[in-house]
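Trainee: Sharing a structure, written as structure tokens. Questions coming.
The values are calculated or read from the model by the stated rules, or taken from the named source; none is laboratory data. These numbers were taken from a predicted model, which means no experiment stands behind them. Note that each Cβ is placed from the backbone with ideal geometry, even for glycine, and that neighbours are counted across all protein chains shown.
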């Protein structure tokens, strides 16, 4: 997997398990077509977590945690169904403030 710039033509994404140690478990979300990693999540044993994203996804990084939590590893998921609504929700929140 690569950690590069975002790809605006993402149709499907998937989750993979990365590094696993006694301190934390790492998961990555990536574009199925290109292999571009757009989000990394480190889950620590004390239930805390750190998320790294590409700049394009930064404003919804807290929402991406729920995708990491609620999806299965190695399954392909639709970008339009899972991630695009998060951007819409964030824009709606800004408008309503």
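Trainee: Anything in the stretch 61-84 that is in a helix (DSSP H, G or I), touching a strand residue (DSSP E or B) at 6+ places or on another chain (Cβ under 8 Å) and either more than 19 Å from residue 42 (Cβ to Cβ) or in contact (Cβ under 8 Å) with a residue 24 or more places away in the chain (or both)? List them, or say none.
Mentor: Across the stretch 61-84, the qualifying residues are 64, 65, 67, 68, 79, 82.
Trainee: Out of everything in the stretch 1-13 that is modelled with pLDDT of 80 or more and in a strand (DSSP E or B), what residue ends up being farthest from the chain's Cα centre (by Cα)?
Mentor: Out of the qualifying residues, it is 12.
Trainee: Which numbered condition in (1) surrounded by 16 or more Cβ atoms within 10 Å (Cβ to Cβ); (2) modelled with pLDDT of 85 or more; (3) under 17 Å from residue 86 (Cα atoms) is the only one that residue 56 fails?
Mentor: Condition not satisfied by residue 56: (1).
Trainee: Hey, another quick one. Kindly list the number of the only condition in (1) touching a helix residue (DSSP H, G or I) at 6+ places or on another chain (Cβ under 7 Å); (2) part of a strand (DSSP E or B) that fails for residue 16.
Mentor: Status for residue 16: all satisfied but (1).
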